[in-house]
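The values are calculated or read from the model by the stated rules, or taken from the named source; none is laboratory data. Here the structure is a predicted model, which is why all the values come from computation and not from measurement. Heads up, the Cβs are rebuilt from the backbone with ideal geometry, glycines too, and the neighbour counts pull from every protein chain shown.
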Amino acid sequence: MAELLLFALGTTRPLGEGVSRALGAPLAAHEEREFEWGQHKARPLVNVRGRDVYVLHSLHGEPGQSANDKLCRLLFFLGALRDASAGRVTAVVPFLCYSRKDRKTKPRDPVTTRYVAALFEAVGADRVLTVDVHNLAAYQNAFRCRAEHLEGRPLLVERLAPALREQEAVVVSPDAGGVHRADALRASLARALGRPVDLAFVEKRRSEGVVSGDLLAGDVRGRTAVIVDDMISSGTTTLRAARACLREGAARVVAAASHAAFTPGADEALADPALARVLVLDTVPPRGVERAREKLEVAPVAPLLGEAVRRLHEGGSLVDLLEG
């Protein structure tokens, strides 16, 4: 079997070090250079010929570097690996930019998920591995190369279950579109607790950036409501759902999401007393939430990614990783 090589680009290196420890394989050396006129280059500093190569880069925006910058750097590095005769190239992208723009919602809208997929294919990626995309079917259909998907649900349930042993719980989707995701977490949580867990969802309508609707379907009275979503950005959807649950008599509200893609305003929303606890993965490093820091809990995704890379390298299956 071809030797495995793992690279981690840019600010994803801390996560890469965690994946390296979980995998038991060191990060491979590479060079990243900036040029005065705003261009850059990256190249491997080890021989990649015939190797099974994995490149870790989470495509979220951050101060000093947009998601577009990161995507461009990753694509160029993948191309360099292919030109250097790597045997197989896998992009490990814990947070995949543009995965929410997977369909036309207005006339002449772009379907950017598909365009991003075409870019990965154009530079010769054999496989893309990501965590909790917004719409799994759209992600799988956008790529012609192999598109692997991991779910953060087992990691979230592992953290949620101990605190719910002595409490009645209900899993809540903050909108109707997320019901399938919420139901999957509900089923996993029920297995972990050894008892039934109910499901609810909050009405949500969005038009030109304005959100409306405040009905809640399901029984939350006297229970701990666990609001689950793929990502939290401004936190307004999460807070809106939390307040709806409390109005209907929930005893306590906890929020859980895979991606902490926090934007300005998230700190204020998540610090609101309506939310007792906020649980996220570190696919995106949580930033700008000083007021909410005490209630924020971050579960590391590195062990999941490390095991996934190991199995892909050895020709194994990722199926049972969906349930831990």
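Quick one: which strands (runs of 3 or more DSSP E) sit completely within the range 15-70 and have at least 3 residues that are farther than 15 Å from Ala308 by Cα and in contact with a strand residue (DSSP E or B) (Cβ under 8 Å, 6 or more places away or on another chain)? Walk me through it before giving the result.
On the way: elements: 30-34, 40-44, 52-56.
In the range 15-70, the matching strands (runs of 3 or more DSSP E) lie at 30-34, 40-44.
Kindly indicate which of Ala274, Ala257 is small (Gly, Ala, Ser) and assigned to a strand (DSSP E or B).
Working: Ala274 fails: assigned to a strand (DSSP E or B).
Exactly one of Ala274, Ala257 is small (Gly, Ala, Ser) and assigned to a strand (DSSP E or B), namely Ala257.
Tell me which of these Gly306 doesn't satisfy, since it passes every other one: (1) surrounded by 15 or more Cβ atoms within 10 Å (Cβ to Cβ); (2) in the same structural domain as Ser188 (by TED's automatic domain parsing).
All conditions pass for Gly306, except number (2).
When you scan the range 124-136, do you find a residue that is of a type in the set (A, V, I, L, M, F, W, C), more than 23 Å from Arg252 (Cβ to Cβ) and at pLDDT below 95, even just one? Let's see the steps before the verdict.
Residues of the range 124-136 that are of a type in the set (A, V, I, L, M, F, W, C), as a first pass: 125, 128-129, 131, 133, 136.
Imposing the further condition that a residue be more than 23 Å from Arg252 (Cβ to Cβ) reduces the set to 125, 128-129, 131, 133, 136.
After this cut, where a residue has to be at pLDDT below 95 as well, the list is 133, 136.
Yes: one or more hits.
Of the residues that make up the range 266-275, is at least one of a type in the set (Asp, Glu), under 19 Å from Leu156 (Cβ atoms) and outside the structural domain of Leu59 (by TED's automatic domain parsing)? Steps first, answer last, please.
Here is the first cut: in the range 266-275, the ones of a type in the set (Asp, Glu) are 267-268, 272.
Cutting the leftovers down to under 19 Å from Leu156 (Cβ atoms) gives us none.
No, the range 266-275 contains no residue that is of a type in the set (Asp, Glu), under 19 Å from Leu156 (Cβ atoms) and outside the structural domain of Leu59 (by TED's automatic domain parsing).
Considering each of Ala147, Ala125, Ala118 in turn, give the residue that is surrounded by fewer than 17 Cβ atoms within 10 Å (Cβ to Cβ) and of a type in the set (Gly, Ala, Ser). Working first, answer last.
Details: Ala147 fails: surrounded by fewer than 17 Cβ atoms within 10 Å (Cβ to Cβ); Ala125 fails: surrounded by fewer than 17 Cβ atoms within 10 Å (Cβ to Cβ).
Being surrounded by fewer than 17 Cβ atoms within 10 Å (Cβ to Cβ) and of a type in the set (Gly, Ala, Ser) holds for just one of Ala147, Ala125, Ala118, which is Ala118.
Just need a number here: residues in the range 22-42 that are loosely packed, with under 10 Cβ neighbours inside 10 Å and closer than 15 Å to Leu78 by Cα.
Number of matching residues: 1.
This table checks each residue for (1) assigned by TED's automatic domain parsing to the domain that holds Val92; (2) part of a helix (DSSP H, G or I); (3) surrounded by fewer than 21 Cβ atoms within 10 Å (Cβ to Cβ).
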{"site": "Leu239", "(1), (2), (3)": "no, yes, no"}
{"site": "Val253", "(1), (2), (3)": "no, no, no"}
{"site": "Gly288", "(1), (2), (3)": "no, no, yes"}
{"site": "Leu312", "(1), (2), (3)": "yes, yes, no"}
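Residue by residue, here is whether (1) assigned by TED's automatic domain parsing to the domain that holds Arg103; (2) within 19 Å of the chain's Cα centre (by Cα) holds:
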{"site": "Arg146", "(1), (2)": "yes, yes"}
{"site": "Ala163", "(1), (2)": "no, no"}
{"site": "Asp183", "(1), (2)": "no, yes"}
{"site": "Ala242", "(1), (2)": "no, no"}
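Name the pairs: first residue in the range 293-315 and without any contact (Cβ under 8 Å) to a residue 12 or more places away in the chain, second residue part of a helix (DSSP H, G or I), Cβ to Cβ under 9 Å, at least 6 apart or on different chains?
Close Cβ pairs satisfying both conditions: Arg293/Asp267; Arg293/Ala271; Glu294/Ala271; Arg311/Leu321.
Based on what the data block shows, is Thr237 under 16 Å from Ala176 (Cα atoms) and either of a type in the set (Ser, Thr, Tyr) or at pLDDT 95 or above (or both)? Outline the logic, then answer.
Numbers: under 16 Å from Ala176 (Cα atoms): yes; either of a type in the set (Ser, Thr, Tyr) or at pLDDT 95 or above (or both): yes.
It is true that Thr237 is under 16 Å from Ala176 (Cα atoms) and either of a type in the set (Ser, Thr, Tyr) or at pLDDT 95 or above (or both).
Do we find that Val280 is outside the structural domain of Val53 (by TED's automatic domain parsing) and within 27 Å of Arg21 (Cβ to Cβ) in this structure? Step through it out loud before you land on a result.
Working: outside the structural domain of Val53 (by TED's automatic domain parsing): yes; within 27 Å of Arg21 (Cβ to Cβ): yes.
Yes: the conditions hold for Val280.
Could you give every pair whose Cβ atoms fall below 7 Å, whose first residue belongs to the range 1-16 and is touching a residue at least 12 places away in the same chain (Cβ under 8 Å), and whose second residue is part of a loop (DSSP other than H, G, I, E, B) and charged (D, E, K, R), counting only separations of at least 6 or pairs across chains?
Ala2/Arg51; Glu3/Arg51; Leu5/Arg51; Leu15/Asp282
For the range 71-94, enumerate the residues that are under 20 Å from the mean Cα position of the chain (by Cα), part of a helix (DSSP H, G or I) and touching a residue at least 60 places away in the same chain (Cβ under 8 Å). Walk me through it before giving the result.
As a first pass, look at the range 71-94 and keep what is under 20 Å from the mean Cα position of the chain (by Cα): 71-75, 90-94.
So of that shortlist, the ones also part of a helix (DSSP H, G or I) come out as 71-75.
Result: Arg73, Leu74.
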